[in-house]
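To start, the structure under review is shown below, and the notes come after it.
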Amino acid sequence: MKVNNVVEMLSNTVERFPDKDVFMWKIDGVYQKMTYGEFWEKVDHTASGLAHLGIRKDDKVAILSNSNPMWGITDYALASLGAVSVPIYPTLPPDKIAYTIKNAHVRAIVIEDEEQWDKVLDSKAILDYKIMMYPGKAYEDQKQSGDLTFTELEELGEQNKLADWEKGWRQLTRDHLLTIIHTSGTTGNPKGAMLTHGNMLANLEGVQFWLIELVPEDIALSYLPLSHVFERMAGHYMPMSVGVTIAYAESIQTIPENLKEVKPTVLTSVPLLFEKVYAQIRDEIDQGSAIKRKIFNWAVSIGAERYERYLDAPMDDFLRQSYLPKKLFRKWKIADRLVFQTVKGQLGGRLRGMVSGGGTLNPELAKFFWSLDLPILEGYGLTETSPVVTTNPMIEARAGTVGKVLPNLHCRIADDGEILVKGPSVMKGYYNNPEATAESIVDGWFHTGDIGEMDSQGYLKVIDRKKRILVLSTGMNVPPAPIESAINESFYIEQSLLIGDNRRYVICLINPSYENLIPWAKRNGIRSESNEEICRHKIVIDLLEEEVRRLTESFINYSIPKKVVIASDEWTIDSGELTPKLSLRYNIVENKYKDLIDATYAEDKKTEVGKEAAPTAKSG
């Protein structure tokens with residue numbers, strides 16, 4: 001049944017599963033639970049409390065918090081009033097918080113804890129109300145008129161319930177504005193994408209056509225912040241539309257432990273998590289015995305053969321599971337018992353599908369997980385498209401592509417290779433920015449800024465950002481994203497950036513993963529605790545050189561980095577190199593290391609560029 005707004009969608013689920021758990025989350029090391037019925041009651045009270053404060057239809061209210069039940073309660077409470085939520089990444093510094101609040105004309109803000117409270121105070125933002133989820137002593141000492149706790153807000157609503165609350169939200173249509181989500185701002189100030197109830201619902205309907213079919217018995221592990229549009233749709237609205245239980249991970253660092261505790265059946269993530277899981281698995285195997293490596297590699301080869309047959313299998317054979325020859329099936333069962341079940345156990349033991357979005361996933365990494373019988377389905381989308389444009393279906397998923405266009409969207413490739421999208425999940429426009437809106441949406445087609453190509457079967461490949469294609473002085477074009485993605489698979493490399501525009505050859509700037517590099521350095525006799533000193537040691541330079549060489553050797557000759565530059569200081573959100581969703585701010589990083597990059601190119605190295613030429617490395 002087609003619904004008119006996200007609150008109606010939730011109401012339908014609550015009617016079906018009032019006593020089923022909607023959330024699991026930890027407090028002091030113990031999992032807490034909340035049912036759909038309890039959640040609905042809290043949404044009602046919170047909406048009434050906000051209305052009593054004077055929050056009305058179309059008012060903008062920010063949410064500055066990591067994911068937790070109160071985030072979802074606030075989201076639906078605002079939506080039920082016809083108010084507009086403005087998510088803010090909890091990793092943003094005060095000046096960026098101030099920019100978002102001012103840009104979206106925010107009236108009030110819901111804040112997670114005192115760390116975020118201090119940033120809001122430092123931002124000097126002018127707000128009518130500040131609502132604190134987890135208050136502490138600092139809040140009690142500094143609170144002013146208009147400040148209250150989330151508990152007080154709920155109590156206020158319980159005492160002043162809106163008599164016509166349901167009548168109000170049932171009148172909301174798909175055209176009503178739901179949220180303003182700011183882009184990550186990799187190349188300039190963030191822009192506020194205006195997404196309606198209909199945008200989100202249309203995307204939900206399109207995704208459910210292709211993706212894993214969720215069932216109420218599923219448990220989804222959520223670790224991305226709900227301020228991330230991908231998590232909000234795929235890890236929030238989508239599971240709640242079906243009655244799935246959502247378990248919140250404590251942090252990205254605790255995910256290995258949380259996976260074993262929660263035992264999720266589905267997981268959504270950006271490629272970073274999958275890259276780190278892959279690197280950890282490979283490192284454990286490489287550190288193991290020769291026989292262990294041999295068994296593991298044999299099992300992966302059997303899994304890879306099974307995956308190839310899966311791609312070529314007719315639909316009926318796939319559904320009957322009859323696409324494998326008996327001999328291969330027996331080998332696969334042995335590989336599953338010896339290897340695959342062990343790896344799956346480390347991930348909780350029940351995963352039947354993983355969804356990757358928000359960045360480029362290396363095709364070899366995707367094939368690796370498929371070989372381990374851990375289906376990973378890559379998709380593509382943007383904040384402005386609510387967000388999913390394409391995704392790989394569970395049946396006939398093809399690694400190396402971002403899948404097929406959702407059935408309720410249109411997608412075409414422009415003459416210059418840019419991906420254009422039209423349909424009901426494309427945003428209304430950028431808030432208070434008609435110039436940017438007119439530039440991005442032309443004749444109903446949203447210009448994504450990404451370069452892609454569509455194969456004969458309708459699978460899309462994203463090559464790179466339109467403005468990020470490196471054009472060498474030799475005339476060759478190098479899309480850097482696939483190469484950077486491959487390099488980032490290294491256990492010892494956190495992030496990488498290819499340089500080479502208007503240069504004769506490509507070099508690579510890398511930021512080490514010190515969490516893994518420092519223990520390795522100690523095992524190899526390096527006792528220094530200074531990142532800079534560690535990166536000057538020859539064996540460390542040799543290691544990182546070899547990692548880049550190994551991971552890029554399959555790429556075309558002129559796109560392989562000839563030199564490696566090691567950035568010894570860590571790239572973080574606070575220091576400005578990363579966006580809140582952990583994407584590189586390319587221009588900022590390149591400008592920060594401009595002198596080092598120029599010096600690297602100025603060196604008179606006569607080594608021929610090519611696969612056989614090992615990259616030279618320096619640190620700075």
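The values are calculated or read from the model by the stated rules, or taken from the named source; none is laboratory data. Predicted, not measured: the structure shown is a model, and the values here were computed from it. Here the Cβ positions follow ideal geometry from the backbone for every residue, glycine too, while neighbour counts run over all protein chains shown.
Taking segment 488-535 on its own, how many of its residues are in a strand (DSSP E or B) and either among the acidic types (Asp, Glu) or in the same structural domain as Ala279 (by TED's automatic domain parsing) (or both)?
Restricting attention to segment 488-535, the residues satisfying the condition of being in a strand (DSSP E or B) are 493-499, 507-512.
Applying the additional criterion that residues be either among the acidic types (Asp, Glu) or in the same structural domain as Ala279 (by TED's automatic domain parsing) (or both) yields 494.
Within segment 488-535, residues that are in a strand (DSSP E or B) and either among the acidic types (Asp, Glu) or in the same structural domain as Ala279 (by TED's automatic domain parsing) (or both) number 1.
Give me the pairs, please: first residue somewhere in segment 227-250 and free of Cβ contacts under 8 Å to residues at least 60 places away in the same chain and surrounded by 23 or more Cβ atoms within 10 Å (Cβ to Cβ), second residue anywhere and assigned to a loop (DSSP other than H, G, I, E, B) and of a type outside the set (Lys, Arg), beta-carbon distance under 6 Å, and either six or more positions apart or on two chains.
Pairs that qualify, where the first residue is free of Cβ contacts under 8 Å to residues at least 60 places away in the same chain and surrounded by 23 or more Cβ atoms within 10 Å (Cβ to Cβ) and the partner is assigned to a loop (DSSP other than H, G, I, E, B) and of a type outside the set (Lys, Arg), are Val244/Leu214; Val244/Asp218; Ala249/Tyr223.
Which fully enclosed strands (runs of 3 or more DSSP E) of segment 310-413 have 1 or more residues being of a type outside the set (Val, Ile, Thr)?
Values: elements: 353-356, 376-381, 388-391, 410-413.
Qualifying strands (runs of 3 or more DSSP E): 353-356, 376-381, 410-413.
Here are some residues: Asn199, Asn203, Asn189. Which one is more than 19 Å from Gly403 (Cα to Cα), surrounded by 23 or more Cβ atoms within 10 Å (Cβ to Cβ), in contact (Cβ under 8 Å) with a residue 24 or more places away in the chain and polar (S, T, N, Q)? Walk me through how you get there before you give the answer.
Values: Asn203 fails: more than 19 Å from Gly403 (Cα to Cα); Asn189 fails: surrounded by 23 or more Cβ atoms within 10 Å (Cβ to Cβ).
So the residue among Asn199, Asn203, Asn189 that is more than 19 Å from Gly403 (Cα to Cα), surrounded by 23 or more Cβ atoms within 10 Å (Cβ to Cβ), in contact (Cβ under 8 Å) with a residue 24 or more places away in the chain and polar (S, T, N, Q) is Asn199.
Which condition number in (1) surrounded by fewer than 21 Cβ atoms within 10 Å (Cβ to Cβ); (2) in contact (Cβ under 8 Å) with a residue 24 or more places away in the chain; (3) in contact with a helix residue (DSSP H, G or I) (Cβ under 6 Å, 6 or more places away or on another chain); (4) not in a helix (DSSP H, G or I) is the one that Tyr31 fails?
Among (1) surrounded by fewer than 21 Cβ atoms within 10 Å (Cβ to Cβ); (2) in contact (Cβ under 8 Å) with a residue 24 or more places away in the chain; (3) in contact with a helix residue (DSSP H, G or I) (Cβ under 6 Å, 6 or more places away or on another chain); (4) not in a helix (DSSP H, G or I), the lone unmet condition for Tyr31 is (3).
Looking only at segment 376-424, filter to residues that are of a type in the set (Ser, Thr, Tyr) and farther than 22 Å from Val442 by Cβ; which one of those is farthest from the chain's Cα centre (by Cα)?
Thr401
Does Val215 count as without any contact (Cβ under 8 Å) to a residue 60 or more places away in the chain and over 20 Å from the mean Cα position of the chain (by Cα)?
Numbers: without any contact (Cβ under 8 Å) to a residue 60 or more places away in the chain: yes; over 20 Å from the mean Cα position of the chain (by Cα): yes.
Considered against the rule, which asks whether it is without any contact (Cβ under 8 Å) to a residue 60 or more places away in the chain and over 20 Å from the mean Cα position of the chain (by Cα), Val215 comes out as yes.
Conditions tested, residue by residue: (1) in contact with a Leu (Cβ under 9 Å, 6 or more places away or on another chain); (2) polar (S, T, N, Q); (3) surrounded by 22 or more Cβ atoms within 10 Å (Cβ to Cβ); (4) over 21 Å from Asn258 (Cα atoms).
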{"residue": "Ile334", "(1), (2), (3), (4)": "no, no, no, yes"}
{"residue": "Arg337", "(1), (2), (3), (4)": "no, no, no, yes"}
{"residue": "Thr342", "(1), (2), (3), (4)": "no, yes, no, no"}
{"residue": "Gly353", "(1), (2), (3), (4)": "yes, no, no, no"}
{"residue": "Leu365", "(1), (2), (3), (4)": "no, no, yes, yes"}
{"residue": "Thr385", "(1), (2), (3), (4)": "yes, yes, yes, yes"}
{"residue": "Pro393", "(1), (2), (3), (4)": "yes, no, no, yes"}
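Could you grab me the full set of residues in segment 254-302 that are outside any helix (DSSP H, G or I) and surrounded by fewer than 17 Cβ atoms within 10 Å (Cβ to Cβ)?
The first filter runs over segment 254-302 and keeps only residues outside any helix (DSSP H, G or I), leaving 254, 263-270, 288-289.
Passing the criteria: Thr254, Lys263, Gly288, Ser289.
For segment 568-617, what are the residues that are at pLDDT below 55, surrounded by 12 or more Cβ atoms within 10 Å (Cβ to Cβ) and either of a type in the set (D, E, K, R) or part of a loop (DSSP other than H, G, I, E, B) (or both)? Give the derivation first.
Our first condition is that a residue be at pLDDT below 55; within segment 568-617, this holds for 604-617.
Add one more test, that the residue is surrounded by 12 or more Cβ atoms within 10 Å (Cβ to Cβ), and what stays is 605, 607, 609, 611, 613-617.
Lys605, Thr607, Val609, Lys611, Ala613, Ala614, Pro615, listed by residue number.
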